[in-house]
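A quick write-up on the structure given underneath.
The values are calculated or read from the model by the stated rules, or taken from the named source; none is laboratory data. What you are looking at is a predicted structure, and each value in this text was computed from that prediction instead of being measured. Every residue, glycine among them, receives a Cβ derived from its backbone with ideal geometry; neighbour counts consider all protein chains shown.
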There are 2 protein chains.
Amino acid sequence: MKYTLAVVASLIFALTFAQTDADNLKKIYTTSLTDGMSYQWLDHLSNQIGGRLSGSLNAEKAVEYTKAEFEKLGLDKVWLQPVMVPRWVRGAPEFAYIETSPGQTTSVNICALGGSIETPNGGIKAKVIEVQGLEDLAALGEENIKGKIVFFNRPMQADLIQTFEAYGGCVDQRYSGAMEAGKYGAVGVIVRSMNLRMDDFPHTGTMSYGDLPNSQRIPSAAISTNDAELLSGMLSLNKNINFFFSQNCKQLADVQSYNVIGEITGSEFPNEIIVVGGHLDSWDLGDGSHDDGAGVVQSMDVLRLLKASGITPKRTIRAVLFMNEENGLRGGNKYAEVAKSKNETHIFALESDAGGFTPRGFSFDCSDLMFSKIESWKPLFKPYLIHYFEQGGSGADVGPLKDNTIVLAGLRPDSQRYFDYHHASNDTFDAVNKRELELGAASMTALVYLIDKYGTDSIPNESQIKD
Amino acid sequence: MKYTLAVVASLIFALTFAQTDADNLKKIYTTSLTDGMSYQWLDHLSNQIGGRLSGSLNAEKAVEYTKAEFEKLGLDKVWLQPVMVPRWVRGAPEFAYIETSPGQTTSVNICALGGSIETPNGGIKAKVIEVQGLEDLAALGEENIKGKIVFFNRPMQADLIQTFEAYGGCVDQRYSGAMEAGKYGAVGVIVRSMNLRMDDFPHTGTMSYGDLPNSQRIPSAAISTNDAELLSGMLSLNKNINFFFSQNCKQLADVQSYNVIGEITGSEFPNEIIVVGGHLDSWDLGDGSHDDGAGVVQSMDVLRLLKASGITPKRTIRAVLFMNEENGLRGGNKYAEVAKSKNETHIFALESDAGGFTPRGFSFDCSDLMFSKIESWKPLFKPYLIHYFEQGGSGADVGPLKDNTIVLAGLRPDSQRYFDYHHASNDTFDAVNKRELELGAASMTALVYLIDKYGTDSIPNESQIKD
């Protein structure tokens, strides 16, 4: 009986689709593609501001700029949410070479990993031990590692269709390589860049020493994929070559920063909050255009596209530009902490943090019932080639909001090119295609529109179906 | 009864899927992504040979190179199919400027359209009349057009999700602009480039004078989108500005060229032929990497990936690298003509000519019954994010094979970036992502594998289901 009612409700719901919802989605996509702001905002963030590492002057400029842009949109509320963030600085450019015999050196491209300590004055020169992963260390033992540089060289797996899976399968080397190798007396760590392409760009990213005492902490850096192959090839010919690297990075004291928040207050249910977000900080090497300038400007444009499409949300829609996703997640944690302390009800949070590429769909962290409700919206997205609706992860910044009722989601753009740019100096504005970025903003807006209209509780009841 | 049998057959078929077919698709995709040749071949075509306009020395080199590469693959047959092709040459670089008053000039970026005549010695300088399309000409009449340069400035429509539709909605200006404007006494034609992006690259492409007498034939060129906006803006301020352009292009006598064909002869049904193809010629401005180097190397790799995946096709699989798609379609016509004269049975032909971007699926020109059979294969493609199966067009080169029984198909890659590069000097190797290209080659191979295994006649019968 309950089932039959649900089916009838679904049918009525499906008929309603054909009219208002399809029209509103068309309005949203058309507005984004013909009159979107995301590309213009990204141009400014990337080319007028640039890389926005937490605690940097650029991060501060990005806070000011996005707040000012929110204020131009005529939102109901715009505010800064204070959060203390770590401040790591790269310092003087890194330098590294392979020495095959005294005086015979070949320069290679490296960059310090975020959070790493610097090398001693004059750098480090040592023999190299190449490994394929953390698990190799125990087998080798201290006798083979002590005094050496450990070179983690397990590549991303090319045959995984979803490149984030390939990343997930490798990133332990970057995150924990120095922590683990330090325990065996290594003097430094070099990690193959998390990049599926063969090129000369080293890719940075966060690493951790965990609880390791300072005496065991060793510097760690990423090496470009081309140079990882070079080093590995040279080692296969001669185990006794030396590797030299110097880096000048430092962890400084925490500084004040902010999440930037803009809000359209709900017309009917102002206390039910829907969040869209990306992270405003980025690594320092490029401009952070894909990671995550794209997510920032798309989230901003969700508010603007709703207004420009003449849609008045029933619930409160907030765009949250989180600070410090890359090396601390302080912004995401702070937002959730404040929400909890204020007893706010968040029903849905959507993050865009996978690049400004053609959107393919979304992944959802929610109940099976809610997922099947969302899946029933798929036909509405078909004209926009949005086909990927799967249960799975969402995004790092919205993760801390998780509780028993909130629906978390992540935009899933095409992932083939993402790791070509991720955390590297080529993550710049020219790598972003305007239409691909705008289609992502429109897809996020469309999903937010439907969530706002139909809520997240269950299959909608009749009062919700009437528009 | 028939229906019930079909359902039972489908169910058995579905179970079979779970085993061999899924495994074979996995083998195909893995081989392409870890051991594909398409990217290496494209590197040579683009960077060692370059643009391959029909009748050019480069086109000849491309014929020799691809034939030699086919021969390395240990195919059953490799041959050249002679075809006479037109030869149009660009000559000295084009030059153009806007003259706002005597001596006050601004250079703009143009390129001659393929097939256009040259300008008279010393170029053409004339007043400009801006129009939004062919239909504006009749309304303006000879009194407003005679002696002027007609500037066709209707942009591609940004809100169409599939960019080929936007192209289809504009390209009449390029193809017929000079033919139509010539009838009203215009002295030249300038066409806004078929490009959704604002940039400085003029995009060439084919145009035709139809049956117009030589006396009415006028030179025509494309202008970059940025310069089209500039020209339009200047015209809105002052209708009396002059436009100057000179171009040196010529149509020469037809020359001998070739389609390049490689074949794996079918083990059971050698007389049933499946074609995969792309076109070997390209425009001369860039390297023709996306259009259609990508389709060429993907088609070549279909044969190689089948062999490398240990698949022995029952039917004959031919990769056909067609000559002269861009300005004549002589290769496609010749291939069909020869096939007909030999009474060959072609059951399926798949073309890749929409760029080397992430594949989204295929479009099929076939019966509803056959289409529903193909649609039943969709679940096999889901792990590879191939979701687009629609009835529609196929490709220009395979089009002439059309008859009552053949199934024609086109690979459908993501189309958002295609017109950023199409027929322009930035269609170069660096604009192609290795993984995206390889995923396309794998998707084509997977479809060919299924077509070969299950045939194209109807829902498969039991003898076909057993592997």
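Quickly run through region A:179-200 and pick out the residues that are away from every other protein chain (no Cβ under 14 Å), within 23 Å of the chain's Cα centre (by Cα) and part of a loop (DSSP other than H, G, I, E, B).
If the condition is that a residue be away from every other protein chain (no Cβ under 14 Å), within 23 Å of the chain's Cα centre (by Cα) and part of a loop (DSSP other than H, G, I, E, B), then A:Ser193, A:Met194 are the ones that fit.
So, restricting to helices (runs of 4 or more DSSP H) that lie completely within region A:349-467, which ones have at least 3 residues that are within 15 Å of the chain's Cα centre (by Cα) and either surrounded by 19 or more Cβ atoms within 10 Å (Cβ to Cβ) or not polar (S, T, N, Q) (or both)? Talk me through it step by step, then tell me what you get.
Working: elements: A:368-375, A:378-381, A:418-421, A:434-454, A:462-465.
Qualifying helices (runs of 4 or more DSSP H): A:418-421.
Do you know which residues across region B:414-438 are within 20 Å of B:Ser363 (Cβ to Cβ) and either free of Cβ contacts under 8 Å to residues at least 60 places away in the same chain or basic (Lys, Arg) (or both)? B:Asp414, B:Arg417 - these are the residues of region B:414-438 that are within 20 Å of B:Ser363 (Cβ to Cβ) and either free of Cβ contacts under 8 Å to residues at least 60 places away in the same chain or basic (Lys, Arg) (or both). Count, please, the residues in region B:222-273 that happen to be among the small types (Gly, Ala, Ser) and touching a Lys or Arg at 6+ places or on another chain (Cβ under 6 Å). Looking only at that region, the number is 3.
Scanning region A:202-255 for residues that are aromatic (Phe, Trp, Tyr) and in contact with a Ser or Thr (Cβ under 6 Å, 6 or more places away or on another chain) yields a total of 0. Comparison of A:Asp397, A:Asp368 shows that the only residue that is of a type outside the set (Lys, Arg) and touching a residue at least 24 places away in the same chain (Cβ under 8 Å) is A:Asp397. With respect to the conditions (1) touching a helix residue (DSSP H, G or I) at 6+ places or on another chain (Cβ under 7 Å); (2) more than 14 Å from every other protein chain (Cβ to nearest Cβ), B:Ala139 falls short on a single one, namely (1). Criterion first (within 14 Å of chain B (Cβ to nearest Cβ), surrounded by fewer than 20 Cβ atoms within 10 Å (Cβ to Cβ) and among the basic types (Lys, Arg)) does A:Lys61 satisfy it? In short, no.
Quick grid of which residues meet (1) over 30 Å from B:Asp281 (Cα atoms); (2) over 33 Å from the mean Cα position of the chain (by Cα); (3) in contact (Cβ under 8 Å) with a residue 12 or more places away in the chain:
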| site | (1), (2), (3) |
| --- | --- |
| B:Ile110 | no, no, yes |
| B:Ile129 | yes, no, yes |
| B:Gly133 | no, no, yes |
| B:Leu137 | yes, no, yes |
| B:Asn144 | yes, yes, yes |
| B:Pro155 | no, no, yes |
| B:Asp159 | yes, no, no |
| B:Thr163 | no, no, yes |
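The sole residue among A:Leu42, A:Leu33 that is among the aliphatic types (A, V, I, L, M), within 14 Å of chain B (Cβ to nearest Cβ), closer than 24 Å to A:Leu305 by Cα and not in a loop (DSSP other than H, G, I, E, B) is A:Leu33. Checking each residue of region B:227-246 against the condition of being basic (Lys, Arg), modelled with pLDDT of 95 or more and not in a helix (DSSP H, G or I) gives at least one match.
Conditions (1) surrounded by fewer than 24 Cβ atoms within 10 Å (Cβ to Cβ); (2) free of Cβ contacts under 8 Å to residues at least 40 places away in the same chain; (3) under 15 Å from the mean Cα position of the chain (by Cα); (4) over 18 Å from B:Tyr335 (Cβ atoms), marked per residue:
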site	(1), (2), (3), (4)
B:Asn259	no, no, no, no
B:Thr265	yes, no, no, no
B:Glu268	yes, no, no, yes
B:Asp281	no, no, yes, no
B:Gly286	no, no, yes, yes
B:Asp292	no, no, yes, no
B:Val297	no, no, yes, yes
B:Arg304	no, no, no, yes
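Identify all residues within region B:314-348 that are in contact with a Lys or Arg (Cβ under 8 Å, 6 or more places away or on another chain) and either not in a strand (DSSP E or B) or not assigned by TED's automatic domain parsing to the domain that holds B:Gly286 (or both); write none if there are none. Steps first, answer last, please.
Keep residues of region B:314-348 that are in contact with a Lys or Arg (Cβ under 8 Å, 6 or more places away or on another chain), which gives B:314, B:323-324, B:347.
Matches in region B:314-348: B:Lys314, B:Met323, B:Asn324.
What about A:Gly210, is it more than 19 Å from A:Gly147 (Cα to Cα), out of contact with any strand residue (DSSP E or B) (no Cβ under 8 Å at 6 or more places or on another chain) and free of Cβ contacts under 8 Å to residues at least 24 places away in the same chain? Criteria not met by A:Gly210.
For region B:376-391, a residue qualifies if it is under 28 Å from B:Tyr335 (Cα atoms) and more than 14 Å from chain A (Cβ to nearest Cβ), and exactly one does: B:Gln391. Evaluated against (1) in the same structural domain as A:Asp284 (by TED's automatic domain parsing); (2) free of Cβ contacts under 8 Å to residues at least 60 places away in the same chain, A:Gly169 falls short on exactly one condition, (1).
Out of the residues in region B:412-437 that are among the small types (Gly, Ala, Ser) and more than 10 Å from chain A (Cβ to nearest Cβ), state the one that is farthest from B:Thr163 (Cα to Cα). Give the steps one after another, and end with the answer.
Filtering region B:412-437 for residues among the small types (Gly, Ala, Ser) gives B:415, B:424-425, B:431.
In the following step, the residues that additionally are more than 10 Å from chain A (Cβ to nearest Cβ) were identified as B:424-425, B:431.
Working: B:Ala424: 16, B:Ser425: 20, B:Ala431: 18 Å.
Here the residue is B:Ser425.
Please verify whether B:Ser176 is surrounded by 17 or more Cβ atoms within 10 Å (Cβ to Cβ) and either within 14 Å of chain A (Cβ to nearest Cβ) or in a loop (DSSP other than H, G, I, E, B) (or both), treating the condition exactly as stated.
Working: surrounded by 17 or more Cβ atoms within 10 Å (Cβ to Cβ): yes; either within 14 Å of chain A (Cβ to nearest Cβ) or in a loop (DSSP other than H, G, I, E, B) (or both): no.
So B:Ser176 does not fit the description; no.
Out of all the residues in region A:211-229, is one or more buried (at least 16 other Cβ atoms within 10 Å of the Cβ), within 23 Å of A:Ser425 (Cα to Cα) and of a type in the set (Val, Ile, Thr)? Yes, there is a match, as at least one residue in region A:211-229 is buried (at least 16 other Cβ atoms within 10 Å of the Cβ), within 23 Å of A:Ser425 (Cα to Cα) and of a type in the set (Val, Ile, Thr).
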